[in-house]
Amino acid sequence: MGALGSFVKTGDFKSEKHVPVIEIPNGIKAGEEFEVKVSVGRDVPHPNTTEHFITYIQLFYKAEGSGVVTDLGKAEFLSHGESTAGPNKGGVYVSPYAVFKVKLSKPGTLYAWSYCNIHGLWEGSADIRF
Ligand code: FE2
């Protein structure tokens, strides 16, 4: 047995389709709001079907030197072609893509989790420097 974190998978988003990609604009400043875009499958598309899809993206922040992780929010993706006519017949799909508006006062690290209904929990990260 191990802590939950020891089972969260990671990798290079350029070759692993499950890893959440965190994009931050250039020139961010401490104490000023900016947009953080988080997506799954940017470089290597992840399937988006009734049988296989990304359920959610969750974003966390840890300030440098702090032992506390702050949960910033979660976006859920609930439509993947389901229909009374059968799987993938509904014609409605939502992609794992979310934008968070964030204001931070200290450097640190953003962490994102994504959850695939088949392949489990995945993590990506991005350093915050001002
Ligand atoms: Fe998957």
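Each reported figure results from applying straightforward, stated rules to the coordinates on display, with no laboratory input. Since we're looking at a predicted model, the values are computed, not measured. We place every Cβ from the backbone using ideal geometry, glycine too, and count neighbours over all the protein chains shown.
For this structure, a couple of remarks:
- Members of segment 1-17 that are surrounded by 10 or more Cβ atoms within 10 Å (Cβ to Cβ) and under 14 Å from residue 125 (Cβ atoms): 8, 9, 10, 11, 12, 13, 16
- If only residues of segment 70-103 that are among the aliphatic types (A, V, I, L, M) and surrounded by 13 or more Cβ atoms within 10 Å (Cβ to Cβ) are counted, the one that is farthest from residue 29 (Cα to Cα) is 94.
Residue by residue, here is whether (1) of a type in the set (Lys, Arg); (2) in contact with a Pro (Cβ under 6 Å, 6 or more places away or on another chain); (3) within 21 Å of residue 122 (Cβ to Cβ) holds:
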{"position": "46", "(1), (2), (3)": "no, no, yes"}
{"position": "54", "(1), (2), (3)": "no, yes, yes"}
{"position": "59", "(1), (2), (3)": "no, no, yes"}
{"position": "66", "(1), (2), (3)": "no, no, no"}
{"position": "77", "(1), (2), (3)": "no, yes, yes"}
{"position": "90", "(1), (2), (3)": "no, no, no"}
{"position": "95", "(1), (2), (3)": "no, no, yes"}
{"position": "105", "(1), (2), (3)": "no, no, no"}
{"position": "110", "(1), (2), (3)": "no, no, yes"}
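- Scanning segment 25-47 for residues that are over 13 Å from the mean Cα position of the chain (by Cα) and among the hydrophobic types (A, V, I, L, M, F, W, C) turns up 28, 30, 34, 44.
- Yes/no for residue 22 being more than 15 Å from the ligand (Cβ to nearest atom) and not in a loop (DSSP other than H, G, I, E, B): yes
This table checks each residue for (1) in contact with a strand residue (DSSP E or B) (Cβ under 7 Å, 6 or more places away or on another chain); (2) touching a residue at least 40 places away in the same chain (Cβ under 8 Å); (3) more than 19 Å from residue 5 (Cα to Cα); (4) away from the ligand (no atom under 16 Å from the Cβ).
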residue	(1), (2), (3), (4)
63	yes, yes, no, yes
75	yes, no, yes, yes
80	yes, no, yes, no
89	no, no, yes, yes
99	yes, yes, yes, yes
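- In this entry, residue 10 is excluded by the filter for residues that are within 15 Å of residue 93 (Cβ to Cβ) and either over 17 Å from the mean Cα position of the chain (by Cα) or not acidic (Asp, Glu) (or both).
- Top-ranked residue of segment 25-47 - restricted to ones that are in contact (Cβ under 8 Å) with a residue 60 or more places away in the chain and not in a loop (DSSP other than H, G, I, E, B), ranked as nearest to the ligand (Cβ to nearest atom): 40
- Of all residues in segment 108-125, those that are within 13 Å of residue 10 (Cα to Cα), out of contact with any Gly (no Cβ under 8 Å at 6 or more places or on another chain) and more than 16 Å from the ligand (Cβ to nearest atom) total 1.
- Count of residues meeting criterion [more than 12 Å from the chain's Cα centre (by Cα) and within 11 Å of the ligand (Cβ to nearest atom)] in segment 48-61: 5
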